[in-house]
Amino acid sequence: MKKSEHRPAKRTPQRTCVACRQVRPKRALLRLVRLAEGRVEVDAGGRTAGRGAYLCSRRECWETGINAGRLEHSLKTTLSPQNRDELVDFGRSLPEESLSGQAS
């Protein structure tokens, strides 16, 4: 027998959306990161240093996460009005339904 036949299957990292609380594969969610200066940005690569939180790539989750304060709570910060506007603008570019066609 080959060694490769005994390896267990790789696990897919899972994360929870702070808005809808659904657990999904890490790559299916968008990571937001609180930078050292307190600003919050979308972390496209998922590796920026700082405290992170995840949101589904659906407009509804994005709006809930920002407007209901769930993102601020998860990141332990307060968004400045300018930072909030930038994130809301980004959220408007997202689809209303999830990319996989599943609604939460």
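The values are calculated or read from the model by the stated rules, or taken from the named source; none is laboratory data. What you see is a predicted model; the values in this text were computed from it and never measured. A quick note on method: Cβ atoms are made from the backbone with ideal geometry, for glycine too, and the neighbour counts reach across all protein chains shown.
What are the residues in segment 50-78 that are of a type in the set (D, E, K, R), part of a helix (DSSP H, G or I) and either touching a Leu at 6+ places or on another chain (Cβ under 7 Å) or crowded, with 18+ Cβ neighbours inside 10 Å (or both), if any?
Once the filter is applied, which keeps residues that are of a type in the set (D, E, K, R), part of a helix (DSSP H, G or I) and either touching a Leu at 6+ places or on another chain (Cβ under 7 Å) or crowded, with 18+ Cβ neighbours inside 10 Å (or both), segment 50-78 yields Arg59, Glu60, Arg70, Glu72.
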Between residues in segment 14-30 that are over 16 Å from Leu71 (Cβ atoms) and residues that are polar (S, T, N, Q) and not in a strand (DSSP E or B), which pairs lie under 7 Å by C-beta distance while being six or more apart or on different chains?
Pro25/Thr12
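Which one of these is of a type in the set (A, V, I, L, M, F, W, C) and touching a Cys at 6+ places or on another chain (Cβ under 6 Å): Ala19, Ala9, Ala28, Ala49?
Of Ala19, Ala9, Ala28, Ala49, the one residue that is of a type in the set (A, V, I, L, M, F, W, C) and touching a Cys at 6+ places or on another chain (Cβ under 6 Å) is Ala19.
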Scanning segment 23-49 for residues that are surrounded by 15 or more Cβ atoms within 10 Å (Cβ to Cβ) and farther than 14 Å from Leu87 by Cβ, which turns out modelled with the lowest pLDDT?
Gly46
Limited to segment 1-22, what total is found for residues that are hydrophobic (A, V, I, L, M, F, W, C) and modelled with pLDDT of 95 or more?
4
